[in-house]
Amino acid sequence: MSDHIMNTYGRLPISFVKGEGCYLYDDKGQRYLDALTGIAVCGLGHSHPAVAQAISKQANTLMHTSNLYGIPNQEKLADILCQLSSMDRVFFSNSGAEANEAAIKIARRYGHTSNVFKHKIELPTIIVANKSFHGRTLSTLSATGNSKVQVGFEPLVPGFIHVNYNDMDAIKKVAQNNNDIVAIMIEPIQGEGGLATPEKHYLQAIREFCDSHNYLMILDEIQTGIARTGKWFAGQHSDIVPDVMTLAKGLGNGFPIGACLAKGVAAEILVPGTHGSTFGGSPLACAAALATIETIQKGKLTQHAAELGDYFQQGFQSALADLIAQGKILDIRGRGLMVGIELDRPCTDLVKKALDKHLLINVTADSVIRLLPALITDKTQADEIIAIVSALINKHVNS
Ligand SMILES: *Cc1c(COP(=O)(O)O)cnc(C)c1O
């Protein structure tokens, strides 16, 4: 590998040069089944023809103008996203971290400009969760609840207070002791933090708490959004609509695009001169996202993700029943095609061992196997993933 790449990733010794559906091919022509899809990015699988054609057609027509002008694809995409999510307005970015930057800026400016608070907010503060992940820019790494992401980059951006996920009392306590809270920012499932899922009513309780305190509820759906969990957005499982919602990963099926959606007062906070992006929402990026959404709709892939997600859960429950009984598997969780298997011991080695079996998986939080297969995965492929992963786990915990 080249010495000219900055050493920010511990990379596996493999390079893929081609992709088709749920499969990737390395430079020797070997085929691999992808149960990670670029970390929840390629929901339609690799090189989906509808997305490739949309990009090619748009590239041959018009790639970039500027947000100084109207962009028809951007308007169309914003209309569709708002219709799917019940939100009002969208700001387009090029990545998840940038979408969260926009969300954080909305929350801060809301604190400074809104007259709903009885006192003047000096240091608008956002409640965030431990073990969360919100990105690698300075404000998003400061919001992130993981010291590994933060160490070495101090001073952190102030204005974030961390509480444990699923702990409503902790939120109430922070609110009682701090007059500058303006928002609560949370992932509907913690993607990087070990796939913690919300307990029943947790997200509704946050919604109600935000309503009664005039806080903005910010949902980071960057990993969970775009049909991944069996609904368009994971917050919909809890029947809630946030004030601000961020998207990225699955939105362009591999073409970089992020979005910060907002509703009601939150949608009116950013005005000319307060935020911007040269590349955000280009005709090209929006063409990719439009094709992605249309293909998910046509293929009824939201429903498929829900059904196949249940199939994965049941499949792993039965394949791993003995290890669950022995306490070697602590939990199998997730929702839709976000599947987490928590072992009683570290298991990062399994990523390499799965690769040897021509299967791409991921391990997060040291001991949680994370699967993020394509929305187009079929049952035969699901069976193969369940068989390989279960065999690897068995070997790992019994050796
Ligand atoms: C990946 C991710 C981000 C950051 O997105 P980038 O595009 O890498 O900046 C933020 N939040 C969540 C929940 C993510 O999974």
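Calculate, in whole percent, how much of the Cα-Cα pair population of region 13-156 lies beyond 28 Å. All intermediate terms of the calculation are to be shown ahead of the outcome.
Working: 4616 of 10296 pairs.
The proportion of pairs with Cα distances above 28 Å equals 45 percent.
Considering only Thr125, Thr61, Thr295, the Gaussian network model of the chain with Cα springs below 10 Å gives its largest mean-square fluctuation to Thr61. By the Cα gyration tensor, region 87-238 has an equivalent ellipsoid whose semi-axes, rounded to whole angstrom, run 21, 19, 16 from largest to smallest.
Sparse packing (at most 14 other Cβ atoms within 10 Å of the Cβ) combined with a DSSP loop state is found for the following trypsin sites (Lys or Arg not before Pro) in region 126-172: Arg136. Rounded to the nearest whole Å³, what is the per residue volume of the convex hull around the Cα atoms of region 253-399? In region 253-399, the Cα hull volume divided by residue count equals 167 Å³. Each principal axis of the Cα cloud of region 248-323 was evaluated for its coordinate range; sorted largest first, these ranges are 60, 27, 21 Å.
Which of Asp180, Asp310, Asp169 moves the most in a Gaussian network model of the chain with Cα springs under 10 Å? Per the Cα network of the chain with a 10 Å cutoff, Asp169 tops the list. Restricted to Cα atoms, region 206-250 shows a radius of gyration and a Dmax of 10.9, 33 angstrom.
I need the peptides 6-14, 159-167, 346-354 ranked by packing, meaning the mean over residues of other C-beta atoms within 10 angstrom, with the highest value on top. Walk me through the numbers before you get to the answer.
Numbers: 6-14: 8.1, 159-167: 17.9, 346-354: 16.2.
The most tightly packed comes first, giving 159-167, 346-354, 6-14.
Where does the chain land on the Kirkwood hydrodynamic radius, alpha-carbon pairs, in angstrom?
Numbers: mean 1/r = 0.0459 Å⁻¹.
In the chain this quantity evaluates to 21.8 Å.
Across the cross-link table entries Lys328/Lys395; Lys352/Lys395; Lys131/Lys328, which are compared at the Cα atoms, the separations over 18 Å belong to Lys131/Lys328.
For region 59-107, state which chymotrypsin sites (Phe, Trp or Tyr not before Pro) are in a DSSP loop and have at most 12 other beta carbons lying within 10 Å of their beta carbon.
Details: sites: Tyr69, Phe91, Phe92; in loops: Tyr69.
Answer in residue order: Tyr69.
Over region 152-261, one equal point on each Cα, no solvent: what is log10 I(q)/I(0) by the Debye formula at q = 0.12, 0.13, 0.21 Å⁻¹? Values returned for q = 0.12, 0.13, 0.21 Å⁻¹ are -0.44, -0.52, -1.21. Peptide packing for 334-342, 373-381 was compared via the average number of neighbouring C-beta atoms within 10 Å per residue; ordered from the highest value, the list is 334-342, 373-381. Per residue, the convex hull spanned by the Cα atoms of region 197-299 amounts to 110 cubic angstrom. In the elastic network of the chain, a GNM with C-alpha springs shorter than 10 Å, the most mobile of His201, His304, His134 is His201.
Coordinate-derived values only; no laboratory data. Small disclaimer: the values here were computed from a predicted structure and weren't measured. No Cβ is skipped: glycine too gets one built from the backbone with ideal geometry, and neighbour counts run over all protein chains shown.
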